[in-house]
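**Student:** Attaching a single structure in structure tokens format; questions to follow.
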Amino acid sequence: MRDFVFKNPTKILFGKGKISKLGEEVKGYASKVLLVYGRGSIKKNGVYDQVVSSLKNSNVSFVELSGIKPNPVLSKVKEGIEIARKEKVEAVVAVGGGSVIDTCKTIAAGFYYDGDIWDAFVGKYKVEKSLPIFVVLTISATGSEMNGGAVITNEETKQKFSFWTSSSYPKVSILDPSVQFTLPKIQTLNGAADAISHVLELYFDGTKNTLILDEISEGIIRTVMASTEILLKEPTNYDARANLVWSATLALNGINGTGRNGGDWSSHAIEHSLSALYDIAHGSGLAIVFPAWMRYVYKEDVPKFARFARKVFNVSSENDEEAALEGIEKLKGWYKSIGLPVTLDDAKIPKDEIEKVVENASMRTPFGKLKRLYPEDVREILKLCM
Ligand code: NZQ
Ligand code: ZN
């Protein structure tokens with residue numbers, strides 16, 4: 001285990017009915033906010049009404065930015081920055097999932113920056129100041145509700161890039177599992193695959209002697225899998241939702257990233273190229289890429305891949321290499337069994353366009369900690385996605 005500093009400043013309000021507390025939480029920071037949401041789900045399931053009524057009860061006024069799409073885009077961020085400045089808001093409230101939250105984090109940072117906020121994504125500007133951010137989470141997947149990361153697509157350059165900074169941690173995030181009862185099945189599955197991938201990016205970064213972190217990680221993955229299987233049959237099972245919600249938050253709030261080498265993040269880099277080019281859901285893209293990446297790199301740390309197979313899938317083989325390979329197949333098989341895509345074909349991504357993906361990913365290569373990857377490695381991994 002490596003030395004580390006751990007600090008997570010986000011306050012979490014967890015449980016049924018907790019959205020009513022939003023106004024009280026915001027009031028300490030702002031009397032006027034920018035309220036940001038997606039393309040309509042919150043108006044259908046009553047979350048919008050709960051949010052508005054809580055803000056009104058605390059005399060917090062608001063202006064709106066709606067229509068944030070999955071794989072959120074830079075133009076929408078810029079629209080938000082303009083509204084935030086013109087209306088002199090004092091905080092940003094995200095009501096949605098990763099796409100809405102990341103848009104808010106970028107607006108909150110861009111508010112204080114005179115240049116093009118895209119600079120933060122390409123290393124030309126270090127974000128140190130943001131407007132206060134509040135979150136009402138409606139889909140569990142990214143962990144963005146309790147971390148400092150934001151991922152945005154520059155639709156002109158087809159770059160899906162990220163930044164990570166301490167001023168982007170939400171002040172307060174409200175997690176009411178019951179508002180996720182209305183999620184379409186595929187969105188619950190995308191969320192499960194994303195959460196599992198976050199745990200595995202950290203788990204397979206090559207750091208040794210991380211027993212406590214590995215036990216937490218395997219527990220999160222087993223919980224995500226068990227809860228997802230229940231939700232496939234009973235989408236309104238509160239306890240299964242609650243376990244999935246908190247698991248997805250814990251998967252990327254820093255707790256199991258402590259003491260490690262920062263995580264590998266190659267599968268995320270490759271998936272971000274897929275979603276930049278083909279606009280596929282992030283979780284679906286990871287279900288395709290992650291098992292292929294595992295297959296390509298497992299020889300770098302066979303005992304760890306064998307441990308994963310035994311602890312998560314009860315693989316019984318005593319031979320490490322055999323166990324490692326069986327674990328990878330089991331993960332891919334599980335994704336397939338619940339209805340996620342596991343090949344490029346499944347996601348209707350043309351196989352003869354692999355070079356476009358390699359070229360897009362090469363804007364970021366080399367990446368990866370367990371194995372440093374170059375464009376030729378990305379090409380081989382994509383071939384394993386067929
Ligand atoms: O737009 P609406 O109508 O609200 O519909 C959304 C959207 O279509 C729908 N939805 C959300 N809550 C719902 C609901 N439908 C019914 N009932 C509800 N309660 O779900 C769809 C997907 O929403 P989105 O916010 O895109 O999902 P997710 O949370 O998976 O976010 C994905 C984005 O986050 C990035 C991804 O790359 C992707 O762009 N990531 C962010 C990370 C971070 N900030 O830490 C890390 C991740 O690795 C990831 O890269
Ligand atoms: Zn992710």
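The values are calculated or read from the model by the stated rules, or taken from the named source; none is laboratory data. Nothing here was measured: the structure is a model prediction, and the numbers come from that model. Here the Cβ positions follow ideal geometry from the backbone for every residue, glycine too, while neighbour counts run over all protein chains shown. Quick note on the areas: whole protein, heavy atoms, side chains included, nothing else; ligands and nucleic acids left out. Shrake-Rupley method; radii C 1.70, N 1.55, O 1.52, S 1.80 Å.
**Student:** Treating the beta-carbon of each Lys and Arg as +1 and of each Asp and Glu as -1, no other charges, what is the dipole magnitude of segment 185-384 about its Cα centre, to the nearest 20 debye?
**Tutor:** Working: 24 positive and 29 negative charges, 46 e Å.
It works out to roughly 220 debye.
**Student:** At a probe size of 1.4 Å, how large is the accessible area of Ile338, to the nearest 10 Å²?
**Tutor:** 10
**Student:** Given the whole protein assembly as supplied and a 1.4 Å probe, what does the accessible area of Asp320 come to in Å², nearest 10?
**Tutor:** Here the residue's solvent-accessible area equals roughly 60 Å².
**Student:** Now for a different question. Using only Cα atoms, tell me the angle between helix 320-338 and the longest principal axis of the chain; keep it within 0 to 90° and round to the nearest 10.
**Tutor:** It works out to around 50 degrees.
**Student:** Between beta-carbons, use under 12 Å as the cut-off and find the net charge around Met1, counting Lys and Arg +1, Asp and Glu -1. Each step should come with its number before you reach the end.
**Tutor:** Numbers: positive: Arg2, Lys208, Arg260; negative: Asp3, Asp214.
Neighbourhood net charge equals +1.
**Student:** Another question, if that's okay. Would you kindly compute the Cα radius of gyration of the chain and its largest Cα-Cα separation (Dmax), both in Å?
**Tutor:** Cα-based Rg and Dmax for the chain come out at 20.2, 65 Å.
**Student:** Here is a follow-up. Can you check what the net charge comes to around Val122, using other residues whose Cβ is under 14 Å from the Cβ of Val122 (Lys, Arg +1; Asp, Glu -1)?
**Tutor:** Values: positive: Lys124, Lys126, Lys158, Lys160, Arg364; negative: Asp116, Asp119, Glu156.
That sum, taken over residues with Cβ under 14 Å, equals +2.
**Student:** Considering only Leu340, Leu252, Leu331, give the residue with the highest GNM mean-square fluctuation for the chain, with springs between Cα atoms whenever their separation is below 10 Å.
**Tutor:** Leu331
**Student:** Would you mind checking the tilt of helix 185-203 against the longest principal axis of the Cα atoms of the chain, expressed as 0 to 90 degrees and rounded to 10?
**Tutor:** Once rounded, one gets 70 degrees.
**Student:** Next question. Classify segment 156-243 as rounded, prolate or oblate, taking a ≥ b ≥ c as the square roots of the eigenvalues of its Cα gyration tensor: rounded when a/c is under 1.5, otherwise prolate if a/b is larger than b/c and oblate if not.
**Tutor:** Numbers: a/c = 1.70, a/b = 1.19, b/c = 1.43.
It is oblate, given that a/c is not under 1.5 and a/b is not larger than b/c.
**Student:** Next up: Between helix 98-110 and the chain, what is the angle of the helix's C-alpha long axis to the longest principal axis, kept within 0 to 90° and rounded to the nearest 10?
**Tutor:** 60
**Student:** Please compute the contact order of the chain in relative form: average sequence separation of alpha-carbon pairs under 8 Å and at least six residues apart, divided by the residue count, as a percent. Spell out each step's value before the answer.
**Tutor:** Numbers: 750 pairs, mean separation 60.4, N = 386.
Result for the chain is 16 percent.
**Student:** Note down the nm distance, to one decimal, between modelled labels 7 Å out along Cα→Cβ at Ser53 and at Phe4.
**Tutor:** With each label placed 7 Å out from Cα toward Cβ, I get 4.1 nm.
**Student:** Quick one: length gained pulling Ser61 to Trp164 fully straight, 0.36 nm per residue minus the C-alpha distance? Please list the in-between numbers first.
**Tutor:** Values: separation 103, 0.36 × 103 = 37.08 nm, distance 2.92 nm.
Extra length from Ser61 to Trp164 when fully extended: 34.2 nm.
**Student:** For the charge dipole of the chain, defined by +1 on Lys and Arg C-beta atoms and -1 on Asp and Glu C-beta atoms about the Cα centroid, which residue among Pro366, Thr343, Val151 has the Cα displaced farthest towards the positive pole?
**Tutor:** Toward the positive end, the furthest listed residue is Val151.
**Student:** Taking the chain as a Gaussian network, where each spring joins two C-alpha atoms under 10 Å apart, which residue of Glu218, Glu318, Glu326 fluctuates the most?
**Tutor:** Residue with maximal mean-square fluctuation among Glu218, Glu318, Glu326: Glu318.
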